[in-house]
1. Given the conditions (1) more than 20 Å from ARG15 (Cβ to Cβ); (2) of a type in the set (A, V, I, L, M, F, W, C); (3) without any contact (Cβ under 8 Å) to a residue 60 or more places away in the chain, which single one is not true for ALA121?
2. What residue, among those in segment 107-133 that are aliphatic (A, V, I, L, M) and open to solvent by less than 30 Å² (accessible area, probe 1.4 Å), is farthest from VAL89 (Cα to Cα)?
3. Go through segment 39-84 and report how many residues are open to solvent by less than 20 Å² (accessible area, probe 1.4 Å) and without any contact (Cβ under 8 Å) to a residue 12 or more places away in the chain.
4. Among the residues of segment 134-143, are any open to solvent by 30 Å² or more (accessible area, probe 1.4 Å) and under 27 Å from ARG24 (Cα atoms)?
5. How many residues are of a type in the set (Ser, Thr, Tyr) and free of Cβ contacts under 8 Å to residues at least 60 places away in the same chain when one looks only at segment 142-181?
6. Could you grab me the full set of residues in segment 144-181 that are closer than 26 Å to VAL48 by Cα, more than 15 Å from the chain's Cα centre (by Cα) and open to solvent by less than 50 Å² (accessible area, probe 1.4 Å)?
Amino acid sequence: DVEGAGAQVVGGAVRGFKIGVRVRKSAGAEVAQLDATGNFRQRLRSTVEREDAADWLWPHENDDAQWERNYGAGIACSDSPGVTVRACVVRNGQNGLLLQRCDRAKAYDNDFSFNSGWGLALWRTNDAMIAHNSMDWCVRGYSHGRYARGQDSSGLLVFEQCSRNVFAVNSATHGGDGFFL
């Protein structure tokens, strides 16, 4: 956990945790050049033959940090206005980056691809700049020729009271949804 104004995490790797790096109550914090690949992801119950409804994500509740508790993330930032996340890689987990109540956040030049939930998710975050990120192949609920439901996975999730955010030159292909707004 990282707390305190202006905190920095630069470089390194973190693996095998529910939350790789958690930033909270840290105005102006920076997370840069971090590899948080291979952290938590739910074991899916769907098989090649049939979809299991228990695998659906539920982004509708997050007042009590349900996203972190239920779904984990490589990087999770909350209550940190002006946080910057740049040049990070989060793959092969459930979620890449969660921005929760992080007004004026910046996330750029990151790779949040090949996750089973959300590449990058915003909740109650305003005036953010999200640019030059890859959030490809964030998908669950797919069996070629059998079913292709997505189960509310997406490259980019923007949910509840998010305004005036700028999304520029990002990639979110081959996911459950590209941009879930």
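The values are calculated or read from the model by the stated rules, or taken from the named source; none is laboratory data. Worth saying up front: this structure is predicted, and the values here are computed from it rather than measured. Positions of Cβ are generated from backbone atoms using ideal geometry, with glycine treated the same way; all protein chains shown enter the neighbour counts. Only protein heavy atoms, including side chains, enter the accessible area calculation; ligands, DNA and RNA are left aside. Shrake-Rupley method; radii C 1.70, N 1.55, O 1.52, S 1.80 Å.
1. Result: ALA121 fails condition (3) only.
2. Here is the first cut: in segment 107-133, the residues aliphatic (A, V, I, L, M) are 107, 120-122, 128-131.
Restricting the remaining residues to those that are open to solvent by less than 30 Å² (accessible area, probe 1.4 Å) gives 107, 120-122, 128, 130-131.
On the way: ALA107: 12, LEU120: 12, ALA121: 15, LEU122: 18, ALA128: 19, ILE130: 15, ALA131: 14 Å.
Once the filter is applied, the top-ranked residue is ALA128.
3. Total satisfying the criteria: 0.
4. So in segment 134-143, the residues open to solvent by 30 Å² or more (accessible area, probe 1.4 Å) come out as 134, 137, 139, 142.
The next check asks that each one be under 27 Å from ARG24 (Cα atoms); those that pass are 134.
Among the residues of segment 134-143, at least one is open to solvent by 30 Å² or more (accessible area, probe 1.4 Å) and under 27 Å from ARG24 (Cα atoms), which makes the answer yes.
5. So the first thing to find is which residues in segment 142-181 are of a type in the set (Ser, Thr, Tyr), and the list is 142-143, 147, 153-154, 163, 171, 173.
Imposing the further condition that a residue be free of Cβ contacts under 8 Å to residues at least 60 places away in the same chain reduces the set to 142, 154, 163, 171, 173.
Counting residues in segment 142-181 that are of a type in the set (Ser, Thr, Tyr) and free of Cβ contacts under 8 Å to residues at least 60 places away in the same chain gives 5.
6. TYR147, GLY150, GLN151
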